[in-house]
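Worksheet for the structure shown next.
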Amino acid sequence: AALSRGLRSQVSAALKEGRVAPTELCQRCLALIKSTKFLNAYITVAEETALKQAEESEERYKRGQPLGILDGIPIAIKDNFNTAGIETTCASNMLKGYISPYNATVVQKLLDQGAVLLGKTNLDEFAMGSGSTDGVFGPVRNPWSYSKQYKEKSVPKSHPEDEESNWVITGGSSGGSAAAVASFTCFAALGSDTGGSTRNPAAHCGVVGLKPTYGLISRHGLIPLVNSMDVPGILTRCVDDAAVLLGSLAGHDPKDSTTIQDDFKPFELLNLTDVSKLSIGIPKEYHAPGLSSEILALWSKAADLFKNAGAKVVEVSLPHTPYSIVCYHVLCTAEVASNMARFDGLEYGHRSDMKDSTESLYAATRREGFNDVVRGRILSGNYFLLKQNYEKYFVKAQKVRRLIANDFVKVFRSGVDILLTPTTLRDAAPYTEFIQEDNRTRSAQDDILTQAANMAGLPAISVPTALSERGLPVGLQFIGRSFQEKQLLTVAKWFEKQVQFPVIQLEEVKRHDSDVFQHQKSASFS
């Protein structure tokens, strides 16, 4: 079973047939987590809990009563989803040691279907960032930094001592989840996506990153960043697996009033053989400043791929796109300021020792608990929400957001089925280069191609497409109509099959644990 194949036909079948046991699968994943500890992908590894869940899964398989396709499948969860009995930190001093009394709805749904929870993955503090470099537990390293493909093309052979400083970022803020999937330590992972935080690291780590339609998956238990844009994201090694996870997670949740009221029917993706009835839109505004010539060429090549297969490929315009990143910054920081107000040191999380007054306790707690990035966004957001600025900034940004959403509506009404765009401006930057700029500047650059889908509430998926000249992954993004995930994923699956993205050759991991690596290389889950 090759990596490019997935859950439904491979690992799930192997579990049912008894060719591999859930406990064996879990132990191999845990061993690989240990041997890839240098990636810093996980904040918490729930070894005892995972092994117990795997043993329970094994008993169900012995009785011939598995709970479903995910029974016994090892998964990882971004550390901004609440997990009962397992620490939830948001990679911040503010929540170090915090253990939630309940599971997020998406976590509970996975557990109800027998999934094995390996641990919680690393991120930017409170998911504010685009590199997974600003969390209190340190930066996440991209597994491709240690791949044969990257080393052959980029690492100076004459200076092997420079290897350690040559590693590249994962993207963010769900970089831990993307690295976990890319390095084979789990079969799928949950991220969150507010402005591209699932799709961005997916593109940099060579995995599939799905941001569903706003309201399709419950946000209950996801510690909020921007309530009106946050969506739980899905990271897998192939499109089929993303469809499996989506089918398990989507649907109404009485604990989240923004979820759809209708029942969601899981679907199996068919192999698309005829794309002649498809209309693919190429938004000209996505030829953004800073877009590398390499990614531009790849984008054009992908458009030609559809055109040569018989699809209609048309250039379209989303005229308000150039204003979207500024609009996003205003709305994002305003909602952040509101959401972060709950962290006051009184109810949960960090509490300062300052006892002079209640006000000084609040101030000291937040100063000690939040990093500069979070404090900066709180200050910006409160500025935009001041009485004298509210109409000028916040209300105006809401109006521009409506215009951005309407641009997408008009394009889809014109007959376009799917939009094809780059996911990122370039391949993953070396860490030493990435940290030269401040978080706000980096986020503005890195979110420019992804955040408009969040503001419009549309489904979008990043599919790994090719390796750059430096031997690093590059992804392209497909944006679909609201609640048309089946069409979006079907097209993404067709594209995935055409491009045949290469499997990562993890030399570093092979040295650490060749047996585990070989097993994981030969098994995915649908």
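The values are calculated or read from the model by the stated rules, or taken from the named source; none is laboratory data. These figures come from a predicted structure and were not determined experimentally. Note that we place each Cβ from the backbone using ideal geometry, even for glycine, and neighbour counts take in every protein chain shown. Just so you know, the surface numbers come from the protein's heavy atoms only, side chains and all, with ligands and any DNA or RNA stripped out. Shrake-Rupley method; radii C 1.70, N 1.55, O 1.52, S 1.80 Å.
Restricted to helices (runs of 4 or more DSSP H) entirely inside the stretch 1-98, those with at least 1 residues that are closer than 30 Å to Val374 by Cβ are 22-35, 47-62.
Of all residues in the stretch 438-456 being charged (D, E, K, R) and within 22 Å of Ser468 (Cα to Cα), which is most open to solvent (accessible area, probe 1.4 Å)?
Residues of the stretch 438-456 charged (D, E, K, R): 438, 440, 442, 446-447.
Filter again for within 22 Å of Ser468 (Cα to Cα), leaving 442, 446-447.
Values: Arg442: 15, Asp446: 37, Asp447: 18 Å².
Among them, the one singled out is Asp446.
Does Asn382 meet the test of being in a helix (DSSP H, G or I), touching a residue at least 40 places away in the same chain (Cβ under 8 Å) and either in contact with a Pro (Cβ under 9 Å, 6 or more places away or on another chain) or polar (S, T, N, Q) (or both)? It is true that Asn382 is in a helix (DSSP H, G or I), touching a residue at least 40 places away in the same chain (Cβ under 8 Å) and either in contact with a Pro (Cβ under 9 Å, 6 or more places away or on another chain) or polar (S, T, N, Q) (or both). Residue-level check: of (1) buried (at least 24 other Cβ atoms within 10 Å of the Cβ); (2) outside any helix (DSSP H, G or I), Pro224 misses just (1).
From the residues in the stretch 1-27 that are buried (at least 22 other Cβ atoms within 10 Å of the Cβ) and at pLDDT 95 or above, which one is farthest from Ser132 (Cα to Cα)? Here the answer is Pro22. With respect to the stated conditions, Gly349 fails to be in contact with a strand residue (DSSP E or B) (Cβ under 7 Å, 6 or more places away or on another chain), small (Gly, Ala, Ser) and touching a residue at least 12 places away in the same chain (Cβ under 8 Å). Applying the criterion of being of a type outside the set (A, V, I, L, M, F, W, C) and within 18 Å of Leu249 (Cβ to Cβ) to the residues of the stretch 80-98, the residue that is surrounded by the most Cβ atoms within 10 Å (Cβ to Cβ) is Asn80. For the stretch 399-437, a residue qualifies if it is out of contact with any His (no Cβ under 7 Å at 6 or more places or on another chain), over 30 Å from Val140 (Cα atoms) and open to solvent by 70 Å² or more (accessible area, probe 1.4 Å), and the qualifying residues are Lys399, Arg402, Lys410, Arg413, Ser414.
In the list Ser218, Ser276, which residue meets the criterion of being open to solvent by less than 10 Å² (accessible area, probe 1.4 Å) and of a type outside the set (Val, Ile, Thr)?
Details: Ser276 fails: open to solvent by less than 10 Å² (accessible area, probe 1.4 Å).
Just one listed residue meets the conditions, Ser218.
Among the residues of the stretch 62-118, those that are touching a Cys at 6+ places or on another chain (Cβ under 9 Å) and at negative phi comprise Ile73, Pro74, Ile75, Ala76, Asp79, Asn80, Tyr98, Val116, Leu118. The single condition among (1) open to solvent by 10 Å² or more (accessible area, probe 1.4 Å); (2) more than 17 Å from Ala452 (Cα to Cα); (3) at pLDDT 95 or above; (4) more than 16 Å from the chain's Cα centre (by Cα) that Phe267 does not satisfy is (3).
Contact map, the stretch 321-343: first residue under 18 Å from Phe408 (Cα atoms), second residue assigned to a loop (DSSP other than H, G, I, E, B) and of a type in the set (Asp, Glu), Cβ cut-off under 8 Å, separation 6 or more or different chains; pairs are Ile325/Asp447; Tyr328/Asp447.
Assigned to a loop (DSSP other than H, G, I, E, B) and either closer than 16 Å to Thr185 by Cα or at pLDDT below 95 (or both), is that true of Ser526? Before the answer, list the steps.
On the way: assigned to a loop (DSSP other than H, G, I, E, B): yes; either closer than 16 Å to Thr185 by Cα or at pLDDT below 95 (or both): yes.
Answer is yes for this residue.
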